[in-house]
Every structure is written in C-alpha cells, then in structure tokens.
Amino acid sequence: MLEIKNLHVGLEEEDKQILKGVNLTVETGKVHAIMGPNGSGKSTLSYVLSGKDGYEVTDGSAELQGVDVLDMEPEERAAAGLFLAFQYPVEIPGVGNMTFLRTAVNAQRKARGEEELSAAEFLKVVRAKAKSLKIDADMLKRPVNVGFSGGEKKRNEILQMAMLEPKMCILDETDSGLDVDAMKLVAEGVNALRDAGRSFLVITHYQRLLDHIKPDVVHIMADGKIVKTGGPELALEVENNGYADILAEVA
Amino acid sequence: MSAKLKNKGVVPSITVPDGGKWASEARQTAAALLAETGLPHRRDEYWKYTDPTTLTAPEATPAAIFESDEPLPFDGVDAVKIVFVDGVFDAAQSDALELDGVEIETLSDAAQKDIHWAGSVYGVLEGRGQYPVSRPLASYNTAMAEQGFVIRATGKAAKPISFIYLHESETSDAVIHHTIKLDEGADLTVLENGPAAARINAVMEVEVADTAAFHHVRAQGRDHERRTATHIFARLGTESSFKSFTLTVNGILTRNDAIIEFTGDNANATVAGACAGDGAFHHDDTVFITHDAVNCESRQVFKKVLRNGAVGVFQGKILVKADAQKTDGYQISQGLLLDENSTFQAKPELEIYADDVACSHGSTVGAIDDTALFYLTSRGIPHKEAQDMLTLAFLGEAIDEVEDEALADDLRALLEGWMARRHG
Ligand SMILES: Nc1ncnc2c1ncn2[C@@H]1O[C@H](COP(=O)(O)OP(=O)(O)O)[C@@H](O)[C@H]1O
Ligand SMILES: [Mg+2]
C-alpha cells in the first residue's frame, strides 16, 4: 500500500535535515504504528506524505499503491486515498463543518470520476457516522474546529476519515490530549474502519492508544530514521522502559 | 473655508436644471458650494489613495457593456422594482410606484413643485455632510441631478423597494439622487444592484426619524469598466436604526462614501461592505460617522479580497462630540491579498471629545492562511476551491452584518456564483 524508501527531507527555509533515510512499507490491510521521542520527525513524515509546503525532499521516494505521491498536490494525494488525521486540527472560521465535509467528499468523488452525493444523501450518511462518534448536530453546524475542545477536534478528524473512506490513513498523535473515554471513542471509530483493503499508520507517543487499536507492526523512530521494527511487544517495551534502552541498543 | 480655498480644484461650468422653489434653492446652494470648493483632485486629503480624474472629467470614459445571462441580484425578492437604464428611470420596465406605508415619487415630479417635504432633506443632509470634509462630487450631484426618487415611509413598508440599474450605453453618464425620509416608527428596506452606467454619480440622503429603521443592501456587480462615486448621507433620530451593506465585485473604479450623523440618543448605525477585486479594480470605502447624541452605537465592518494588482482603500472616521457620552464606536477594516501585486490601504481615524466612550478600531492586511489552505486541500478540495472557501469565509464576516437572513443568504450565493465564474 505505502512504500517509503530512503526518504530524506529537509526544511525549505533553512538548512536543516529532519528525515535522514526513512524506510517503511505498510502492507494493504495492516496497521503499523510509529513511536518515538518528541522531535524525531514523526509529524514531518506525515506532512511530507500528505504534501504540506515548506519541506524539501532531497532523496528517496514514497509510493502509494505503486504511484509516486511526492510530486502530487495535496488534493491529488487525498483523491488517491491518502488521509492524515492532524496532530493539531486547524480551526477555520467562517467555513461550516458540514459544508467543508460535503465539499471534500464531493471533490474527491469528482476527482475519481464518481458521481457526487446529493445534499440529502450526504446528510443521511454524515448523521449516522457523526452519531457513532458522539458528534452532535451543533458541532456539524459550527465552523470547522472553531471552539471545539481537544477531544472534539480529534473526533472531528475521525469523522472526516469515516466520510472520506481513504485507503491509507495516517493518524498523528490522535490520542494526545484525550481522556480515556474520548480515546476509546476515537479508537472505536478507527477500528470500525479497519478492513482488508485499508491500511493505517498510527503515530503515537504512548502505548495506551495501541491497547485499543492493535497494531500488526511497531516501528521506533529516532532522529529522522526508523531505528527498530517489531511486533506489538515493542510498544510494551517502550511503555515499560522508555526509549532510552532501545536507543542505546541501536546506537 | 480658507482651508478649502487653498485646495480648490477645477470649477466646472454648470447650469442647474429648472425646477420649483425648493429644488432650485437646493440646487443653487450646492452649485455655489461647488464653485467654492472646486472638484476633488489627488491633493485633497481624502483623495490621496484614489485618483478622481475620471470621475471629474467633463466626459465619461466609455465603458464596454458587460454581457451576462445570470439573473440580477435580488431578482427573487418580492419588492417594488424600479428600473433605471443608464441612469434614467424607465417606467415601462418598472412596477407601479405603489407600496403600503410608503409614498414614492420621481425627483423630477417633486422638483416641479414649489413646496415639498423633500426640501427638508434634499441637499440638506448632503449639505451637513460637507463639513468638516468637503464632498464636491455630492455637491455636483445635488446641483445637477434630475433622476432619482423621493420616498417617504410613514409606517412599516410591506416590502422592499428595489432599484435595478441597467447599463446599456457605452458612454452613459448618470447622475442619480434619492431622497428618503422615514417618519417616526417607519421601517423601510431599499435594495440596489449597481448603480450602473459608464460613469455614475449617485447620492442617497436618508432621514431616519425617531424609532424608525432603515435597511440598505446594495450589490455592485460584475460590470468591469464602470466608474462609480456614491454618497450616502444619513441623519439618525432617537432610538432609530440605520444599516447599510454593500457587496462589490469588479468595477474599474468605485468610491463609496457614507456620512452618518447621530442626532438623537440611543440610536445605532452599521455600515459594512465586502468586496472582491481582480486586476483593474480600485475600490474605496470612505466613512465619516459623527456622534452628536448620547448612547449611540456605530459599526463599520469592511473586508476586501484583492488579486492581480487590485487596490482596496478604506478611510473611516469616528468623530465623537463632547456631549456624545456613552458612545460605542467600532470599526474594523481588513484586506486579504491573494498575491503580492495587490494593495490595501487603510486610514482609520478617531476624534473623541467626550470622556465616557468605548471606541475601538482595527485594521489588518494579510495573505490567505496557508495552514488552513493545506488543511482543506489535504481533504481533497482543489486549491482554487479551497482558496475560494477561505475567501468567502473572510468576506462572510462582513455579510453577517446584514440583518435579514434571506438577503444575507442571497448575497452569499451571489458571491459564491461570482467566484465560481471567475474560474471559467
Ligand atoms: N517547519 C519547521 N520549522 C522548523 N523546524 C521544524 C519544522 N518542522 C519540523 N521541525 C523540526 O524538525 C524536528 C522534527 O519535528 P516533528 O516532525 O514535529 O517531530 P515529532 O512529530 O516526532 O515530534 C524537530 O526538531 C522540529 O523542531
Ligand atoms: Mg508530532
């Protein structure tokens, strides 16, 4: 599904390398987790994959279902099936959440040559999905993320994911700032989307989210590289011993 | 007056139209003032950012007719429709001038009479608005206008009056003057699309008596080459309300002046505007609000989106006189520049002589928020569409000032359509 090879990324504005040769393959239908200390480059990887400005790829490649995504516009990547649940969802005053969702869903359908959803069809689907994420009508009506609590913002990300039905879902610290109940809700939302044709890359600082979203593979990222890869037990090791042991071991 | 003489511009040679006593007097007074001030020029303090040359030239610069098959703004609103073609009233295309609670008369009819209530408004509010800043284009208008309506609302109007201006001649040079009076407790909505002609000089004087409410919503549409100077002069009585909103797209030159005076306590006024300009577009909002009564609230909300060298100007002044305690004056002007070629100039001014007032003003200019843009595009919304969404959201905050929800929705839809068409 997603194949990243030797990815080197620096900042456009200053001479700073952040990703220093990332190799990572996420197979179709699998859930991979990336853990790692703050500042190791996890968010950068997610931004570069989804096409944010300001980064420069100096070497390597990233392919989604065999297609190079690094030259695509963000909207093309989205239409190709890539989705990023932001670590910090953006507030957009003046744009209604519902309008935003519908525009996004229909833009992707259009880009893929599918028929657009009518307002009524869309409403029906969004209501059902919002309900299971405990997102009320008011949150749908309000401007995108404006005045939402941390937990509401994260649930709103999952709602977008549920509506857009991407192939490759990247979740960046979706658990940060959530209490246990909110985390369960989010995890349920994610688990409901798991299927044989969809892959996940779950970025998290802590193991606890992985109790709810069971990964197939766990990677440890440090200083811009994947330094260790293992099964779910690797996450438990981090939980118990922190990163220091692992980093010392690979150093 | 010496300050004005120092700045004196060209005095046009004009002969005021014939009319009855009140109209002749008003016209001659305006002509005399114009002879004193001369026409505006670039050295005038309030014309520093906008070159008035094409507005004051003897002839209008020809303007190609803008062909469009889209419905006119406010087409769906149930209103008394009054049509002007190139600035001339067209009775055949208009509805009957009948509306419960409102008297509607042409300026030319009213001006024939020797005595008319219009004499207490026409040229009077405009005249009060000539100090401390002279407004020679309005003087010219008052002296020369033969087109326009004289409207008096005595109660709550059953529906809006909608002025529809059509532009059919490439050389039309329109001078239009509306005189509006709302009696105590009256409520009237006036809609305008335009005005339209190759060149337009439009004045609207609005007397809002105690407890009356006036609503004005205007759409200055897609006619690219028009040149427009408009003035609104309003005087507000006790507990009255005045709201004016203007949406502008395109137009090579637009100067909208609003001069509002509070003379009765506990009144409120809002002047707001949203504009979107692309390329050869110069748009200037100049507002002067005088608080001369207690506990009045004024709001100025102006938003401009500019691209490809378009220019936006905002000059807004709040003058609070010594007795105007408990004044609440708010002013915000914001420019959104979609590229580096466009410019937004803002000149906010506060002049306050009372001590118990709350006045605030702010002005910002900036580019589109990249973080928001990335968020939208990362969800699959194409770049242009995402930019439009953010632009509409930005302008939407000014449209929010329109009280009537249905009209506000009309304006949003209109703007959305205009934006979509830009992409061809
Ligand atoms: N736009 C940027 N400008 C400056 N530094 C950046 C930028 N993006 C990332 N960095 C730096 O790159 C490193 C990796 O950051 P990030 O990808 O956010 O790490 P993580 O998500 O693993 O905490 C950090 O040192 C961070 O400060
Ligand atoms: Mg991060």
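We did not get these values from a lab; they are worked out from the coordinates using the rules stated. Small disclaimer: the values here were computed from a predicted structure and weren't measured. Positions of Cβ are generated from backbone atoms using ideal geometry, with glycine treated the same way; all protein chains shown enter the neighbour counts.
Worth pointing out:
- Cα-only Debye scattering, the stretch A:53-149: base-10 log of I(q)/I(0) at q = 0.10, 0.23 Å⁻¹: -0.36, -1.29
- Sites count as exposed loop sites when they are trypsin sites (Lys or Arg not before Pro), lie in a DSSP loop, and have at most 13 other Cβ atoms within 10 angstrom; the longest stretch of chain B without one is B:49-424.
- Pairwise inverse Cα distances across chain A, averaged and inverted, put the Kirkwood hydrodynamic radius at 18.7 Å.
- In summary, the aspartates and glutamates within cross-link reach of B:K48, defined as a Cα separation below 14 angstrom excluding same-chain residues under 8 places away, comprise B:D284, B:D285.
- Shown for A:M35, A:M161: other C-beta atoms within 10 Å of each C-beta, ranked fewest to most, produce the order A:M161, A:M35.
- Placing +1 on the Cβ of every Lys and Arg and -1 on the Cβ of every Asp and Glu, with nothing else charged, gives the stretch B:3-365 a dipole about its Cα centre of roughly 1060 debye.
- Viscosity 1.002 mPa s, temperature 20 °C, Stokes-Einstein D of the stretch B:165-267 from Kirkwood C-alpha radius, µm²/s: 151 µm²/s
- Short-range pairs are left out: with C-alpha atoms under 8 Å and at least six residues apart, the relative contact order of chain B is 11 percent.
- Toward the positive end of the charge dipole of the protein assembly as shown, with +1 on the Cβ of Lys and Arg and -1 on the Cβ of Asp and Glu, the farthest Cα among B:W117, B:A64, B:F262 is that of B:A64.
- Amide H contacts under 5 Å for A:V227, placed H, 5+ residues apart: A:I220, A:M221, A:A222
- Summing charges over neighbours of A:G10, with a neighbour being any other residue whose Cβ is under 11 Å away from its Cβ, gives -4 when K and R count +1 and D and E count -1.
- Centroid-to-centroid separation of the stretch B:160-221 and the stretch A:152-229 [C-alpha atoms, Å]: 58 Å
- With 23 Å as the limit on Cα-Cα distance, the pairs of B:K156/B:K317; A:K131/B:K384; B:K181/B:K321; A:K154/A:K184; A:K20/A:K52; B:K159/B:K303 that go past it are B:K156/B:K317; A:K131/B:K384; B:K181/B:K321; B:K159/B:K303.
- Rounded to the nearest 20, the Cβ-based charge dipole of the protein assembly as shown about its Cα centre (Lys and Arg +1, Asp and Glu -1) stands at 580 debye.
- Per-residue HN-Hα couplings for the stretch B:286-300 [Karplus 6.51, -1.76, 1.60; θ = phi - 60°; Hz; x = Gly/Pro]: 10, 10, 9, 10, 10, 9, 10, 8, 8, 6, 9, 10, 10, 10, 10
- Calculated on alpha-carbon atoms, Rg and Dmax of the protein assembly as shown in Å: 30.6, 102
- Shape box of chain B [Cα atoms, principal axes, largest first, Å]: 68, 54, 47
- Across chain A, Cα pairs under 8 Å and at least six residues apart give a relative contact order of 29 percent.
- For the stretch A:1-105, GluC sites (Glu not before Pro) meeting the loop criterion (DSSP other than H, G, I, E, B) and having at most 15 other Cβ atoms within 10 Å: A:E12, A:E13, A:E14, A:E27.
- Hull shadow area, averaged, the stretch B:54-138 [alpha-carbon convex hull, nm²]: 9.2 nm²
- Farthest positive-ward along chain A dipole, Cα basis, beta-carbon charges - from A:L49, A:N6, A:N156: A:N156
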